[in-house]
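All remarks here apply to the structure that follows.
Every number in this text was worked out from the coordinates using simple rules, so none of it is lab data. Since the model is a prediction, treat every value here as computed from it, not as a measurement. In this analysis, Cβ positions are derived from the backbone assuming ideal geometry, glycine residues included, and neighbour counts consider all displayed protein chains.
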Amino acid sequence: METSMYPQPSVELGKKRRELAPKPLDAFKAFSAAVFADGALPNVTKQLIAVAVAHVTQCPYCIKGHTAEALKRGATEAQIMEAIWVAAEMRAGGAYAHSNLALDVMQHAHQEG
């Protein structure tokens, strides 16, 4: 039997989470419901954003949950994949943009040395 680093969600784990911190859990659920409610952005768009962010944060539970929710809300597989590519570009773009920090250190090291 193959084991995973990430346990499958279960009723037992959910109960334990609620037992240990019921008020923060209720607050989080209310916050999540408010965030994903239709507003200036429809829920399906918010789910696509969540899919992209989940790939950047690399949360497997979020990837699976928001992908399923995006599909349920009417997103196409092509839209989901494009959202994932946006996430990949943003992640790569962040590394590229932050190279300025290393370049700045190198430039100052040469000037001081």
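Taking label positions 7 Å along the Cα-Cβ direction at both THR57 and ALA34, the computed distance is 1.7 nm, reported to one decimal. Annotation: lysines with alpha-carbon distance below 28 angstrom to LYS23 (same-chain offsets under eight excluded): LYS15, LYS46, LYS64. Roughly how far apart, in whole Å, are the Cα centres of the stretch 96-113 and the stretch 1-64? Computed from Cα coordinates, the inter-centre distance equals 39 Å. If the cut-off is 21 Å between C-alpha atoms, which lysines fall inside it for LYS16, apart from same-chain ones fewer than 8 positions away? Counting by Cα, and skipping residues close in sequence, LYS16 has these lysines nearby: LYS29.
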